[in-house]
Amino acid sequence: MATFVSLTSAIAELVRDGQTLALEGFTHLIPFAAGHEIIRQGRRDLHLVRMTPDLVYDQLIGMGCAGKLTFSWGGNPGVGSLHRLRDAVENAWPRPLALCEYSHAELAAAYSAGAAGLSSGLLQGFRDTDLYAANPDATREIACPFSGAPLTAVPAMRPDVTILHAQRADRDGNVLLRGITGAAREAALAALALLVTVEEQVDSLDADMNAIVLPSFLVDAIAIVPGGAYPSYTQGYYPRDNSFYQAWDSIARERESFLSWMNRHVIDSPDHSALLHKLGVAA
Amino acid sequence: MATFVSLTSAIAELVRDGQTLALEGFTHLIPFAAGHEIIRQGRRDLHLVRMTPDLVYDQLIGMGCAGKLTFSWGGNPGVGSLHRLRDAVENAWPRPLALCEYSHAELAAAYSAGAAGLSSGLLQGFRDTDLYAANPDATREIACPFSGAPLTAVPAMRPDVTILHAQRADRDGNVLLRGITGAAREAALAALALLVTVEEQVDSLDADMNAIVLPSFLVDAIAIVPGGAYPSYTQGYYPRDNSFYQAWDSIARERESFLSWMNRHVIDSPDHSALLHKLGVAA
Amino acid sequence: MSQPIENNSQYTQDEMMTVTAARQLADGAVCFVGIGLPSAACNLARELHAPNLVLIYESGTVGTKPRVLPLSIGDGELAETAEVVIPLPEIFTHYLQAGRVDIGFLGAAQIDRFGNLNSTAIGPYDNPKVRLPGAGGAPEIATHAKSVLVIMRMSPKSFVSELAFRTSSGFLGGNGERAARGYPGRGPQAVITDFGVLRPHPETDELVLTDIYPGVDAADAIAACGWPLQVADELQLLAPPTATELAQLRALNERTRVAHAMPVKIPLVPKSFNAV
Amino acid sequence: MSQPIENNSQYTQDEMMTVTAARQLADGAVCFVGIGLPSAACNLARELHAPNLVLIYESGTVGTKPRVLPLSIGDGELAETAEVVIPLPEIFTHYLQAGRVDIGFLGAAQIDRFGNLNSTAIGPYDNPKVRLPGAGGAPEIATHAKSVLVIMRMSPKSFVSELAFRTSSGFLGGNGERAARGYPGRGPQAVITDFGVLRPHPETDELVLTDIYPGVDAADAIAACGWPLQVADELQLLAPPTATELAQLRALNERTRVAHAMPVKIPLVPKSFNAV
């Protein structure tokens, strides 16, 4: 059953150097606060997994936490490049970053296979693109045992730890996700351990019976972190801060401005609340 | 986009002799009214598919509509045997019935593959049981291309027509299913044509954003049939009539009592409302 | 002549079996529940010593806490009291195949000495004497649940030396074959009968009578079994249902009886969903 | 020197491209939409001639009818105005792979004469000069959507004779290769540029300039293309945006600007979800 803990102790207990880690979310519900705490605690050699690595992965990579990235689209949505990701790939700064690259459909199938306890997942399709040769261990072609048609098999993705942000948890530790979930649910079900940050704890989730609920027994730890998805958003709580995403482009463009921002806002902030106050967005 | 039609014309237009037909539902939302209309219109040689063929399939089989049944559990839930199914299998009455038999997990995977546009689906597992030898064309063993572990592949199940019962449709033809859906959603997505009976048409579904909604463009026809799941139930509208399921055991035990009941209640009733009145359950 | 525990003034066979099954369930366990006696046992345990038992019904309800027992695997009561209701395929993938089920309950028409089960047919498959309902969820429960509890009344026709059809795997041919094949779950860990409980021998995997109900003699159990039933060296005498167990179980059954006696009326001009 | 359509007092390049894209969309079509110009085009079409256009965004929103344009693929506005929001894996399985998408929109850093696309890297993959965001949903959109609409500004660096990396398949090597391989979708049916529209030749599959904007000369388009661009025998002159098209598009953009200008404040003691 899920236990309620501070984010600091949750990261200290669950996240180890060298692990495969998925902080999922798809524009919505991105666990920024958790990513920042990983940076504060100085984890290294992480294998980061995410369909759409965005600012928080740019930050983790730029601060030297990651040795490998498995992903399907790495950009600043609606803005442009992730400069720290590019610097790591193009110039190995601050350290080399190995890539394992999929399409969205493939990485989604890999998470789904992991969630289903399957060793591999299947996609219908054609292998006429260069991603297969560039990532030779990432997929295999097999023949459909019935039609003979070519299928692409992907190995199950099973993160050591998946970290999500969600709207809320009830006192028993059941967690409600509402709105756009991307592959967050599948990444949670595929994980060996699951940490969720939530906006609040409530007496009852008061959710529809077919809502997206992660039952307490699937969740290892829950940390209550209001605003924990900022500058991403939490449906029903606060909107996305598009201006921060735009500002990030110039903050992250140069190594010096990036490090200076990270030190002042993340390293020198004891927690997420302090960061939100520094940024002037705490209400 | 979905069009609203009478159940009579929907069955007349969509359901043809010899088709593969899935009337899904899992204790909940079983499309009894639609099944009865198929009996009234005298369809023959149907390949019926359903995870849990229950009373309405017993009726279709006993009335000679079916030539083949693909299923994973065929009984009267909580009561006992389906006598008409047994009579068809054990004594070929009223005609022989070919079986294709799966486990729940396998048939669910077959529907899921169909829904996903995949030619086959996978299950992790072991093939030490007799169902594989008894149904040699129903599955194949393949090796996981990554782990080498044995996997069971099932061919996608793609019914010519899937028929569901649901709570309601809005004026645009979007359909809401709420509560226990079994494999109804997957059977709907896997089908070449989709017919849904609903309790009512409403201005707006007024559903949660993550509810189980079949968008209008997936639905071919919608018929408004209040009570259309009776003696099964519709969450939020009326409960399951357990006493009818118990009574069915003796109605269906003998051919004569079965035919007499079917003639009086189904064949001689112009529609579902008439049947409900005859049974004294119309409020 | 077999002689199981008899109904008596204190408690019935069903009650003894239900209480025995309930006692197997540790608090917090995730149970894949079937209708009937397993459902009664799980909900009794939940009301007594295991308030955090997680009940999953294959229809799609997870963490359900029914106030009355369901008559079908998909009763509305199960949906209304669930933490979440999901499509059935996900029950079998995300929960069962993914290894999240601690205890799976199974019954069958036939069981053999290694806990393999038949719920498909008696007689030849293609020309059966009795056509049974079929596999349902059983093969995957038998494979993936960490432990399986079987609940079956014992008779020479049901506890057989050879199955007519193997629907679900127990210990296969025994002597470690299941473990050697790499099955994720440990197989049937207890078979709860109307005489007592059978458990697998740690080396041979053969089901052995290890626990017996009050008032039942091992010889009666042996006579009711279709194979030469072995009896454990230290046969445990099970305690009869306690007053608390009985009172709770009977209250649960009475609530269930009352709830299911309500006549059904179908509104042909439906009230709006929201108003219900 | 390439010379695309210029901004002028009547309308901008972006407006001409958006209106041209919107005009391609027949009412009732199911569109797999990307952020930016495709999203503007789809919602403009929905407000004008195609009220029943079904918009799917890969984040999981189906049948969404945003009142303002999203800045990200997963804006809350998309969820709030959707018929249903589903997990992303199901967007790619139940909708795209299952063949339910009529029109998929794609852009890229590079395109070749057969409509193959590069959104991965410039320079060697293992040591890129420019690392681009990557594949995202593009390879499967390119494979499974019944038709693909590409929207890209034309320059010799983007319309190239040879891709640095093939991320998504157009017509492969042309001359029917895509169809012969059995692709479910027909591939790119129109490439909307800042000069005009390119469409595949029915036999060779090579992208040919078939439509041109007012005030643009075919020679300018040819100069902007990195391969020897063929021009259709009957080059169509596209109509400029109508007053209605422009008014509707500008109103949509203005609503969008106002909505996104609201400053964000994070409630550290959250109001309850229900009260929001």
Can C:T143 be described as under 30 Å from B:Y57 (Cβ atoms), surrounded by 24 or more Cβ atoms within 10 Å (Cβ to Cβ) and among the polar types (S, T, N, Q)? yes
If you scan the range B:74-95, which residues turn out to be among the basic types (K, R) and crowded, with 17+ Cβ neighbours inside 10 Å? B:R84, B:R86
Conditions (1) within 22 Å of A:S72 (Cα to Cα); (2) more than 14 Å from every other protein chain (Cβ to nearest Cβ); (3) touching a Gly at 6+ places or on another chain (Cβ under 8 Å); number of the one not met by A:E24: (2)
Hey, among A:A98, A:A153, A:A109, which residue is buried (at least 24 other Cβ atoms within 10 Å of the Cβ), in contact with a Leu (Cβ under 8 Å, 6 or more places away or on another chain) and at pLDDT 95 or above? A:A109
Considering only residues that are within 11 Å of chain A (Cβ to nearest Cβ) and not in a loop (DSSP other than H, G, I, E, B), look in the range D:61-83 and name the one that is nearest to A:L122 (Cα to Cα). D:T61
Suppose the filter is more than 7 Å from every other protein chain (Cβ to nearest Cβ) and either of a type in the set (S, T, Y) or within 25 Å of A:S232 (Cα to Cα) (or both); does D:Y57 pass it? yes
Suppose we filter the range D:18-51 for residues that are in contact with an Asp or Glu (Cβ under 6 Å, 6 or more places away or on another chain) and crowded, with 24+ Cβ neighbours inside 10 Å; how many remain? 1
Using beta carbons and a limit of 6 Å, which pairs, at least six apart or on different chains, have the first residue in the range C:201-221 and at pLDDT 95 or above and the second one assigned to a helix (DSSP H, G or I)? C:L209/C:A221; C:Y213/C:M16
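Residue by residue, here is whether (1) of a type outside the set (K, R); (2) within 8 Å of chain A (Cβ to nearest Cβ); (3) under 27 Å from A:S147 (Cα atoms); (4) crowded, with 17+ Cβ neighbours inside 10 Å holds:
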position: D:K129; (1), (2), (3), (4): no, yes, no, no
position: D:G134; (1), (2), (3), (4): yes, yes, no, yes
position: D:G137; (1), (2), (3), (4): yes, yes, yes, yes
position: D:V150; (1), (2), (3), (4): yes, no, no, yes
position: D:S158; (1), (2), (3), (4): yes, no, no, yes
position: D:R178; (1), (2), (3), (4): no, no, yes, yes
Output for the range A:166-191, where each listed residue is farther than 21 Å from D:Y57 by Cα and in contact with a Pro (Cβ under 7 Å, 6 or more places away or on another chain): A:N174, A:A190, A:A191
Number of the condition not met by D:I122 [criteria: (1) at the interface with chain A (Cβ under 8 Å from one of its Cβ atoms); (2) within 12 Å of D:F165 (Cβ to Cβ)]: (1)
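Matching residues to (1) closer than 21 Å to B:H272 by Cβ; (2) surrounded by fewer than 22 Cβ atoms within 10 Å (Cβ to Cβ); (3) acidic (D, E); (4) touching a Ser or Thr at 6+ places or on another chain (Cβ under 7 Å):
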{"residue": "B:L176", "(1), (2), (3), (4)": "yes, no, no, no"}
{"residue": "B:E186", "(1), (2), (3), (4)": "no, no, yes, yes"}
{"residue": "B:S204", "(1), (2), (3), (4)": "no, yes, no, no"}
{"residue": "B:G227", "(1), (2), (3), (4)": "yes, no, no, no"}
{"residue": "B:A247", "(1), (2), (3), (4)": "yes, yes, no, no"}
So how many residues does the range B:1-13 have that are touching a residue at least 60 places away in the same chain (Cβ under 8 Å) and either surrounded by fewer than 19 Cβ atoms within 10 Å (Cβ to Cβ) or in contact with a Cys (Cβ under 6 Å, 6 or more places away or on another chain) (or both)? 7
With respect to A:L218, is the statement that it is surrounded by 24 or more Cβ atoms within 10 Å (Cβ to Cβ), facing another protein chain (nearest Cβ under 10 Å) and of a type outside the set (D, E, K, R) true? yes
Quick one: D:Q10 ticks every box in (1) outside any helix (DSSP H, G or I); (2) in contact (Cβ under 8 Å) with a residue 60 or more places away in the chain; (3) crowded, with 23+ Cβ neighbours inside 10 Å bar one, so which box is it? (3)
Those residues of the range A:106-130 which are of a type outside the set (S, T, N, Q), closer than 12 Å to D:E140 by Cα and without any contact (Cβ under 8 Å) to a residue 12 or more places away in the chain amount to A:D128
Having 2 or more residues that are closer than 30 Å to B:S204 by Cα and facing another protein chain (nearest Cβ under 7 Å) is the bar; report the helices (runs of 4 or more DSSP H) wholly within the range B:74-193 that clear it. B:104-115, B:184-190
Among the residues of the range B:250-283, what is the count of those that are surrounded by 13 or more Cβ atoms within 10 Å (Cβ to Cβ) and among the acidic types (D, E)? 1
Given the conditions (1) surrounded by 17 or more Cβ atoms within 10 Å (Cβ to Cβ); (2) on the phi > 0 side of the Ramachandran plot; (3) not polar (S, T, N, Q), which single one is not true for C:V191? (2)
Every residue in the range B:238-283 that is of a type outside the set (A, V, I, L, M, F, W, C), assigned to a loop (DSSP other than H, G, I, E, B) and over 20 Å from the mean Cα position of the chain (by Cα), please. B:E254, B:D268, B:S269, B:P270, B:G280
Would the range D:162-172 turn up any residue that is away from chain A (no Cβ under 13 Å), surrounded by 23 or more Cβ atoms within 10 Å (Cβ to Cβ), over 24 Å from D:H94 (Cβ atoms) and not β-branched (V, I, T)? no
Is it the case that the range D:105-114 has a residue that's among the hydrophobic types (A, V, I, L, M, F, W, C), within 12 Å of another protein chain (Cβ to nearest Cβ), in contact with a helix residue (DSSP H, G or I) (Cβ under 8 Å, 6 or more places away or on another chain) and farther than 26 Å from D:A223 by Cβ? no
Looking at the range C:155-167, can you tell me whether even one residue there is hydrophobic (A, V, I, L, M, F, W, C), under 16 Å from the mean Cα position of the chain (by Cα) and farther than 21 Å from B:A183 by Cβ? yes
If we ask which residues in the range B:62-73 are surrounded by 23 or more Cβ atoms within 10 Å (Cβ to Cβ) and either of a type in the set (G, A, S) or part of a loop (DSSP other than H, G, I, E, B) (or both), their number turns out to be 6
Which condition from (1) closer than 30 Å to A:A188 by Cβ; (2) at pLDDT below 95; (3) of a type outside the set (F, W, Y) is the one that C:E90 breaks? (2)
For the range C:249-266, state whether one or more residues are free of Cβ contacts under 8 Å to residues at least 40 places away in the same chain and surrounded by 17 or more Cβ atoms within 10 Å (Cβ to Cβ). yes
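One line per residue, one yes/no per condition, for (1) closer than 29 Å to A:T3 by Cβ; (2) more than 8 Å from every other protein chain (Cβ to nearest Cβ); (3) not β-branched (V, I, T):
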site	(1), (2), (3)
A:D208	yes, no, yes
A:T234	yes, yes, no
A:A252	no, yes, yes
A:S257	no, yes, yes
A:S260	no, yes, yes
A:P270	yes, yes, yes
A:L279	no, yes, yes
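The values are calculated or read from the model by the stated rules, or taken from the named source; none is laboratory data. Predicted, not measured: the structure shown is a model, and the values here were computed from it. When we count neighbours, we look across all protein chains shown, and the Cβ atoms used for this are built from the backbone with ideal geometry, even at glycine.
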